[in-house]
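Please read the structure below before turning to the comments.
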Amino acid sequence: MSVRASGRGAANAAPTSLENGRYRVTLDRNGDVASIFDKLVNRELLSAPIRLAISSDHPAYWPAWNMDFEQEQAPRRHGAH
């Protein structure tokens, strides 16, 4: 995996983690986000793992920020149980 610096400090990537000067994000064996640790406040931000899901998104209006209700209710393409 390759990560480019954004000018705000270096980032380090590994198969199950991504870390920069502020955050450390860790994935569990299921690929769920198991931890988001904020180094600035020395605090874990998640109370439980979260699952990311990919949805189809082709809204009739405002395609940059809107998702139609029917598409929101449809089965996820990836990542959902």
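The values are calculated or read from the model by the stated rules, or taken from the named source; none is laboratory data. Here the structure is a predicted model, which means the values were calculated and not measured. Note: ideal-geometry Cβ built from the backbone for every residue, glycine included; neighbour counts use all protein chains shown.
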ask   = For residues in region 54-71 being surrounded by 10 or more Cβ atoms within 10 Å (Cβ to Cβ) and of a type in the set (Asp, Glu), which is farthest from Asp32 (Cα to Cα)?
value = Asp68
request  = Considering only residues that are surrounded by 11 or more Cβ atoms within 10 Å (Cβ to Cβ) and within 25 Å of Asp28 (Cα to Cα), look in region 72-81 and name the one that is modelled with the highest pLDDT.
outcome  = Arg76
ask   = Could you count how many residues in region 7-27 are under 13 Å from the mean Cα position of the chain (by Cα) and in a loop (DSSP other than H, G, I, E, B)?
value = 1
key: Given (1) surrounded by 13 or more Cβ atoms within 10 Å (Cβ to Cβ); (2) at pLDDT 95 or above, index of the condition Leu40 fails   = (1)
